[in-house]
Amino acid sequence: MDDFGGYVASSDSLVVQPRMGFSDPETMRTGLAATAAAHAATVGTITLDSFTRVGDLDTAARAVRAGSDLNGYPILTHDSSVTERVLADSLAAGFPVQIRHGSALAHSIVERLVQVGLTATEGGPISYCLPYGRTPIAEAVTDWARTCETLAAARTPTRTPHLETFGGCLMGQLCPPSLLIAVSILEGMFFAGHGLTSVSLSYAQQTDERQDREALTVLRRLAARYLPNIRWHVVVYAYMGVYPTTIGGATDLLGAAARLAVDGSAERLIVKTVAESKRIPTIEQNVAALEHASATAAGRLRAADADISQLDSGIEDEALALVEGALDCHRDIDVALVRALNRGIIDVPYCLHPDNSGRARAVIDGGGRLQWSSIGAMPLPVPTGVTAAMSSSALLDNLHHVQMKFDVPHLPVAAKADIPEMEGASR
C-alpha cells in the first residue's frame, strides 16, 4: 500500500521527518535507511538540489559529472534506474518517502517522481512561486494545475497520491499567522480542485508559542470547513528563520517545535538540526534531531489532556477574511488565486516578487508576537499601536529575535554582557 497521508494518520505518535537531501545516490540511500531505523515514527525525505529546483539542469549535470556535491538530490539528472535503486529498500519495506523541492514549475519533477514509484511531494502555486523567484504567478498556477493532475492520475486501488502545501511557511519568518493559514487553505482547495484526495496543510513555528497554538487551532477549524471531502492532516515546521547558533539554543528551539506540534494536534513535524545555521547537516545530525523531537513529543500531553491556555486574538477572523476575499475574486480557484495576488488581497510581507503587491508589513510586538504593521489592500482591520515604517536595524532585530531568544541562555556570561536587553529573551 502506497499512502503517505494514510501512513501518517495511522501513527500513534507524532511523525517526524527530516529535510534530508544528498546528491550522491549511495549517501541518499543510506540517509533514507537511517531515517527509517531511527527511534521515532518517521517518514523519509529526498530534498532536491537548487539547480533542479530552478530548472538549471545543465549545471546540475556538470556537477554530477565532475563529482561535485550539490545541496540536494538531482532527481532529473540521475537516470531513473539510479533513483529506483536509491528507493528500492524503502519501497520494499513500505517506508513512505516524500520529494521536497521548492520549484515554481514542478511538472517535470512530479512526472519523474511518479516514474520512479513515489506519490508524495509538496509545494503550491503561491508558496513555491513568490518567495523563490520571478516566475509569473499565472504561469505557476497553470503549471501547478497540470502538476496536481499528473500526480492525482497516479492513483490506483493501492496508491493514494499526497500533496503538502508549503503555504504555511511563506518567507520562513515575519509573516503573520492569518496569512499563512489562508494560503495553506487556499492551496489545499486548489489541490482538491485538481484531483488530489489526500493533502497536508503546513504551518511554520513563529515567534510566540501561544500565538502558534491559536493558529494551529484555527488551521484545523478552517480545514474542516473548506476541505470536507478529502483527507488532510497538519504538518508543523520547526522554525524556518534565522536559526540559533548554539547547540543548546538549537536543541531548545526544536524541542519547542515538538511541543507545539503536540499542543496543536499536528500529525507530523519537519525537524531542523543543530547544524542548521552553519552547513548542510549530516545523516547522523538528522537522526539525532528526529529522535530528540520524537522523545520531546512523547513526553508532552496532548492539548486536550493538558492545562494549556489558548489565545483568541482574532487570527480566525483575519484568516477567514483573507480566504473569502480571495475566493470572491472568481469562482474558478485558479483565476481567483491570480487575481487575489494582483489585487493585493493576498500580500506577502517583505516579498519582492513582481506579482506581490509589497504593501503589507509585519513586526514582532513588545510581547513577542507577530502583528501586522501595514495591511496594504488586504481585507483586514487597520493595525493600531504599531508603525508601518521599520528601520534597517529594527528589521535585523526582528529577523534575529528567535535566534537571540534561544541562544542567549546558552552564551557565556561575558558574551551576554554585550547584548542589548531584548524582550522575551532570557539572560
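The values are calculated or read from the model by the stated rules, or taken from the named source; none is laboratory data. As the structure is a computational prediction, the values presented were derived from the model and not from experiment. Note: ideal-geometry Cβ built from the backbone for every residue, glycine included; neighbour counts use all protein chains shown. These area figures cover heavy atoms from the full protein model, side chains too; ligands, DNA and RNA do not enter into them. Shrake-Rupley method; radii C 1.70, N 1.55, O 1.52, S 1.80 Å.
Table for the structure above
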| item | result |
| --- | --- |
| Leu91 being in a helix (DSSP H, G or I), over 30 Å from Leu260 (Cα atoms), touching a residue at least 12 places away in the same chain (Cβ under 8 Å) and open to solvent by 60 Å² or more (accessible area, probe 1.4 Å) | yes |
| Output for the range 173-215, where each listed residue is surrounded by fewer than 24 Cβ atoms within 10 Å (Cβ to Cβ), part of a helix (DSSP H, G or I) and of a type in the set (D, E, K, R) | Glu209, Arg210, Arg213, Glu214 |
| Among residues of the range 220-231, those that are open to solvent by 60 Å² or more (accessible area, probe 1.4 Å) and in contact with a strand residue (DSSP E or B) (Cβ under 6 Å, 6 or more places away or on another chain), counted | 1 |
| Filter result for Met390 (touching a residue at least 12 places away in the same chain (Cβ under 8 Å), open to solvent by less than 50 Å² (accessible area, probe 1.4 Å) and assigned to a loop (DSSP other than H, G, I, E, B)) | no |
| Residue that is nearest to the chain's Cα centre (by Cα) [pool: residues in the range 125-172 that are assigned to a helix (DSSP H, G or I) and among the polar types (S, T, N, Q)] | Thr147 |
| Index of the failed condition, Val236 passing every other in (1) closer than 24 Å to Leu163 by Cβ; (2) open to solvent by 40 Å² or more (accessible area, probe 1.4 Å) | (2) |
| Pairs where the first residue, in the range 51-80, is under 18 Å from Thr121 (Cβ atoms) and the second is charged (D, E, K, R) and surrounded by fewer than 21 Cβ atoms within 10 Å (Cβ to Cβ), C-beta under 8 Å, 6+ apart | Ile75/Arg112; Leu76/Arg112; Ser80/Arg112 |
| Set Leu170, Leu151: member being aliphatic (A, V, I, L, M), modelled with pLDDT under 95, under 20 Å from His233 (Cα atoms) and surrounded by 19 or more Cβ atoms within 10 Å (Cβ to Cβ) | Leu170 |
| Residue match in the range 223-239 (condition: among the small types (Gly, Ala, Ser) and more than 17 Å from the chain's Cα centre (by Cα)) | yes |
| Answer from Ala250, Ala224, Ala266 - the residue that is at pLDDT 95 or above and assigned to a helix (DSSP H, G or I) | Ala224 |
| Given (1) within 23 Å of the chain's Cα centre (by Cα); (2) over 30 Å from Ser13 (Cα atoms); (3) open to solvent by 40 Å² or more (accessible area, probe 1.4 Å); (4) modelled with pLDDT of 95 or more, number of the condition Glu316 does not satisfy | (2) |
| Tally of residues being touching a helix residue (DSSP H, G or I) at 6+ places or on another chain (Cβ under 7 Å) and either aromatic (Phe, Trp, Tyr) or open to solvent by 10 Å² or more (accessible area, probe 1.4 Å) (or both) across the range 129-144 | 2 |
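Table: residues versus (1) open to solvent by less than 50 Å² (accessible area, probe 1.4 Å); (2) among the acidic types (Asp, Glu); (3) in a helix (DSSP H, G or I); (4) at pLDDT below 95.
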| site | (1), (2), (3), (4) |
| --- | --- |
| Glu26 | no, yes, yes, no |
| Leu32 | yes, no, yes, no |
| His39 | no, no, no, no |
| Thr47 | yes, no, no, no |
| Phe51 | no, no, yes, no |
| Thr59 | yes, no, yes, no |
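Yes/no matrix, rows are residues, columns are (1) of a type in the set (Asp, Glu); (2) in a loop (DSSP other than H, G, I, E, B); (3) touching a residue at least 24 places away in the same chain (Cβ under 8 Å):
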{"position": "Ala321", "(1), (2), (3)": "no, no, yes"}
{"position": "Ala326", "(1), (2), (3)": "no, no, yes"}
{"position": "Val338", "(1), (2), (3)": "no, no, yes"}
{"position": "Pro354", "(1), (2), (3)": "no, yes, yes"}
{"position": "Ser357", "(1), (2), (3)": "no, yes, no"}
{"position": "Gly367", "(1), (2), (3)": "no, yes, yes"}
{"position": "Ala377", "(1), (2), (3)": "no, yes, yes"}
